[in-house]
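What follows is a single structure, written as structure tokens, with notes after it.
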């Protein structure tokens with residue numbers, strides 16, 4: 001009897017939420033961590049507000065550029081470069097090369113994956129290498145608190161099939177709220 005292959009489809013996921021209870025649990029995970037959450041690769045501490053600003057800017061960047069669950073390099077090729085350079089003059093080769101560079105650096109702005117957007121904000125006035133690193137760590141503990149898995153990480157979480165842009169913006173908003181509430185410089189009233 002022949003068998004018919006079955007197609008497995010991802011089950012629709014419910015809207016992701018990050019409650020105050022989840023953020024409180026994330027604060028407990030951060031406190032129990034083997035390394036200080038708010039210290040970046042420079043060895044210096046960043047304020048909760050600086051990390052929140054980085055996360056807010058990441059959301060704004062994704063609003064502007066768009067989000068994709070996986071990074072893909074799919075720039076459309078517009079320059080034709082012959083496979084055999086024997087028929088080209090040096091001038092023609094340079095023109096082709098310059099055209100290729102121009103096409104690659106032109107206004108083509110593909111959507112960004114979460115980790116790429118976080119890294120890009122780290123090169124702006126809204127962040128730096130430390131806030132990029134800490135923001136990623138903050139999102140990790142928030143995802144760990146939500147999933148109950150101590151090995152969960154925000155990048156694979158954001159790349160799951162069925163993940164939506166709304167899920168990503170909800171995570172970024174929750175991360176910024178967590179940073180403002182539990183990060184260095186937060187008032188005791190916020191954390192209570």
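The values are calculated or read from the model by the stated rules, or taken from the named source; none is laboratory data. Being a predicted model, the structure only gives us computed values, none of them experimental. Neighbour counts run over all protein chains shown; Cβ positions are idealised from the backbone, glycine included.
Below are the figures for this structure:
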{"quantity": "Number of the condition not met by residue 30 [criteria: (1) modelled with pLDDT of 75 or more; (2) outside any helix (DSSP H, G or I)]", "calculated": "(2)"}
{"quantity": "Sole exception among (1) surrounded by fewer than 18 Cβ atoms within 10 Å (Cβ to Cβ); (2) modelled with pLDDT of 95 or more for residue 59, by number", "calculated": "(1)"}
{"quantity": "Some residue of the range 148-157 being part of a helix (DSSP H, G or I), more than 11 Å from the chain's Cα centre (by Cα) and either closer than 16 Å to residue 111 by Cα or modelled with pLDDT of 95 or more (or both)", "calculated": "no"}
{"quantity": "Residue in the range 4-17 that is out of contact with any strand residue (DSSP E or B) (no Cβ under 9 Å at 6 or more places or on another chain), closer than 30 Å to residue 125 by Cβ, surrounded by 11 or more Cβ atoms within 10 Å (Cβ to Cβ) and modelled with pLDDT of 80 or more present", "calculated": "yes"}
{"quantity": "Condition broken by residue 110, with the remaining ones in (1) within 30 Å of residue 179 (Cβ to Cβ); (2) surrounded by fewer than 11 Cβ atoms within 10 Å (Cβ to Cβ); (3) at pLDDT below 95 satisfied", "calculated": "(2)"}
{"quantity": "Qualifying residue in the range 154-163 (condition: surrounded by 17 or more Cβ atoms within 10 Å (Cβ to Cβ), closer than 18 Å to residue 24 by Cα and in the same structural domain as residue 58 (by TED's automatic domain parsing))", "calculated": "yes"}
